[in-house]
Structure formats: structure tokens, C-alpha cells
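The values are calculated or read from the model by the stated rules, or taken from the named source; none is laboratory data. This structure is a prediction, so every number in the text was calculated from the model and none was measured. Note that each Cβ is placed from the backbone with ideal geometry, even for glycine, and that neighbours are counted across all protein chains shown. The accessibility values were calculated without ligands, DNA or RNA, using every heavy atom of the protein model including side chains. Shrake-Rupley method; radii C 1.70, N 1.55, O 1.52, S 1.80 Å.
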Amino acid sequence: MNRPRGVIRPDLIAAGAINKQSGVVLFIALIMLVAMTMAGLALMRGIGSGLGITSNLSFKQIATAQTDFGIENARTWLITQAASAALNSSHTASGYISSWDPAFSPTTYNWEANSLQVNTVDCAGNASTTDCNGNEVRIVIHRLCETANLAVDAATQKCVTVKTKSGGSHGSDFGYGSSNLSEQLQAYYRITARVRGPRNTISYSQVILY
């Protein structure tokens with residue numbers, strides 16, 4: 001059957017409209033899918049960065065807390081040497097230097113060559129160069145004197161000192177009775193501790209004591 005030219009079939013118009021609409025929806029859906037994928041990747045990256053920062057802060061806090069172990073080790077060593085003249089001389093193997101270094105900087109100091117690596121305990125409770133978290137502790141002690149290998153009370157020596165009193169009978173800090181207190185010139189010491197841990201985490205602490 002011949003159809004007249006110029007006659008538009010309503011069913012073909014409807015079908016064409018449906019096909020055209022389906023193509024637009026598919027295009028929009030693809031755009032939305034790409035946008036959602038990019039948003040998901042950005043979210044995952046943000047979460048990963050947040051976890052990394054939190055983890056690094058945790059390592060930093062653990063390393064800083066571990067510097068107390070090194071400082072206490074150095075304090076104990078100084079106490080054991082205080083009764084002798086050993087502190088007048090440098091002991092590099094013990095991390096002790098009998099003079100200050102005006103140019104000393106913990107960040108540029110050669111820790112491997114001029115410090116004491118403090119032994120700690122590992123996860124099994126055994127003596128080790130690193131603790132259970134993999135932290136390595138090193139210390140260096142500087143006597144706050146100008147000249148190395150020279151007594152604190154030497155004529156040419158210059159030190160940051162404090163006068164301490166010892167002796168006396170009992171009661172007052174200044175003593176009384178038949179025994180008078182004697183003054184001793186005591187130098188100050190600067191202890192610097194460095195802890196190097198996982199992910200090359202490094203933390204420093206300093207204390208000054210006498």
C-alpha cells in the first residue's frame with residue numbers, strides 16, 4: 001500500500017523522541033558517574049592523608065617521650081662520676097664533652113660519631129639498641145665550661161657554676177655547732193637527647209642540671 005508523501009506518522013515521532021531522550025540521559029549519567037568517581041578518589045586521598053598525619057604525630061609523641069629515658073641515663077652517669085675528678089676530662093665514648101660548644105646544634109651535630117647510644121629493651125625484654133617501637137636513643141653531655149680537660153676551679157677556667165654547701169652538723173642548710181658548711185663550686189651540665197624512630201622520625205630534648 002502506498003502512503004502519501006508528506007504524511008508524518010505519530011508512532012515514528014514518538015519513537016524518535018524516546019531514542020533522543022535516552023541518549024541525553026545516558027550522557028548525563030556518564031558525567032555523573034565520572035564526577036562521583038572523582039569525588040570518591042578525593043575522599044580516599046583525604047582519608048589516607050589524615051591517617052598518615054595522625055600516624056606521624058603518634059610516632060613523634062612516642063619518640064619525644066623516649067628522650068626522657070636518655071636524659072635519665074645521662075643523669076645517672078653524671079651522679080656516678082660526681083665524686084671523682086673524671087668530669088674534668090672529656091669521655092667521647094660516654095657522650096661526655098668537658099666544654100661547651102658555641103656552635104652546637106642538635107640538628108647538624110654528628111650524633112653517630114660523638115654521642116652515646118643508650119641501650120634499651122626490645123619487645124622481648126632483652127637489651128637492645130632500639131626499643132619495642134624501633135626508637136634509637138642517643139645522648140651527649142656538655143659541661144658548661146670554656147676550656148676542656150680543665151678543673152672547674154682552675155684559675156684560667158670559665159664555667160657556668162653554682163656554689164653548693166656540704167658538711168655541717170644537722171638542722172639548718174647553713175649549719176651550726178662545731179662543724180661549718182663548706183662551699184663547693186659545681187658546674188652546670190647540658191644534656192641533649194635525640195631519638196630516631198620509624199619513618200625517620202626525630203625528636204630532641206635538652207635539660208640543664210648540676
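Quick notes on this one:
- Matching entry among Thr108, Thr130 (being at pLDDT 85 or above and within 25 Å of Ala93 (Cβ to Cβ)): Thr108
- Taking first residues from the range 107-118 that are among the polar types (S, T, N, Q) and partners that are open to solvent by 60 Å² or more (accessible area, probe 1.4 Å), the Cβ contacts under 7 Å between residues at least 6 apart in sequence or on separate chains come to Asn114/Thr92; Gln117/Thr129.
- Screening the candidates Ile141, Ile191, Ile208 for the property of being within 18 Å of Ala63 (Cα to Cα) and modelled with pLDDT of 85 or more yields one hit, Ile191.
- Unmet requirement for Leu33, which otherwise passes all of (1) modelled with pLDDT of 75 or more; (2) open to solvent by less than 100 Å² (accessible area, probe 1.4 Å): (2)
- Counting only residues that are part of a helix (DSSP H, G or I) and within 21 Å of the chain's Cα centre (by Cα), the range 72-106 holds 4 of them.
- Ala42 of a type in the set (A, V, I, L, M, F, W, C), at pLDDT 60 or above and surrounded by 10 or more Cβ atoms within 10 Å (Cβ to Cβ): yes
- Of the residues making up the range 107-122, just one is exposed (fewer than 15 other Cβ atoms within 10 Å of the Cβ) and assigned to a strand (DSSP E or B), namely Val121.
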